[in-house]
1. Rank these for me by crowding, Ser143, Ser165, going from fewest to most other beta carbons within 10 Å.
2. Please report, in whole Å, how far the alpha carbons of the chain spread along each principal axis, starting with the longest.
3. What is the distance in Å between the Cα centroid of the range 20-41 and that of the range 142-178?
4. About the Cα centre, and with charges only on the beta carbon of Lys, Arg (+1) and Asp, Glu (-1), how big is the dipole of the range 1-117? Nearest 20 debye, please.
5. Just to confirm the filter: which trypsin sites (Lys or Arg not before Pro) across the range 150-194 are DSSP coil and have at most 14 other Cβ within 10 angstrom of their Cβ?
6. Hand me the trypsin sites (Lys or Arg not before Pro) from the range 83-133 located in a DSSP loop with no more than 11 other Cβ atoms within 10 Å, in residue order please.
7. What relative contact order, as a whole-number percentage, does the chain give when Cα pairs under 8 Å and 6 or more residues apart are counted?
8. In the range 10-59, which trypsin sites (Lys or Arg not before Pro) are in a loop and have at most 12 other Cβ atoms within 10 Å, using DSSP for the loop call?
Amino acid sequence: MRKAIIKRKTKETKIELKLNLDGQGRNKIKSGIPFFDHMLTLFSQHSLIDLEIVAKGDLKVDYHHTIEDIGLCLGEGLKKALGTKRGINRYGSKILPMDESLISISLDISNRPLLVFNVPLKKKQTKGFDIDLIEEFLQALVSRAGITLHVNLVYGRNSHHIIESIFKTLAKALAEAISLDKRVKGVPSTKGKL
């Protein structure tokens, strides 16, 4: 089974994460950050990855440590659950709308972490949530998962819609990349290793 349990405890956060790559999108997310919980719920439902996260962080300082550490845990969980990566498609690419916004995401589960984030936003906060933390979350995720991830805003005005589209598009692209293909023998790389 492609599952993982990750626990992380620092002076700033305490996080427990469970995931099942071959799930149905069931989720229980409790980070203490309602907007972020909503985005992670969308991610789980649209990727069909079962995801449970319980996080306690120094939210009175700000949301940065909690969001970054959840990204680290999710990345570590993905890497652990993928194991040797035998039989996966490896690549995923989607372009999805959210009302007036359109996001393009392409990714490669390559073991070469890199984030390209071309999402210029005029608004810096939504409901008190610092929008720059989305990039921090994605950077943490790719660094631990070993994913090359390109996120591009094609167009859009509403910051909430843009961020929501990022999480939905990421979910669909990742679902494509982690899916198993019976025709893929071994690891999908000419090197024989990812």
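1. In order of increasing Cβ crowding within 10 Å: Ser143, Ser165.
2. So the extents along the principal axes, rounded to whole Å, are 48, 39, 28.
3. Going from one Cα centre to the other spans 15 Å.
4. Charge dipole of the range 1-117: 700 debye, to the nearest 20.
5. Arg157, Lys182, Arg183, Lys185, Lys191, Lys193
6. Listed in order of number, the matching sites are Lys122, Lys123, Lys124, Lys127.
7. The value is 26 percent.
8. The qualifying sites are Lys11.
Where a number appears in this text, it was derived from the coordinates with a stated rule and is not lab data. These numbers were taken from a predicted model, which means no experiment stands behind them. Cβ sites come from the backbone with ideal geometry, for glycine too, and all protein chains shown count toward neighbours.
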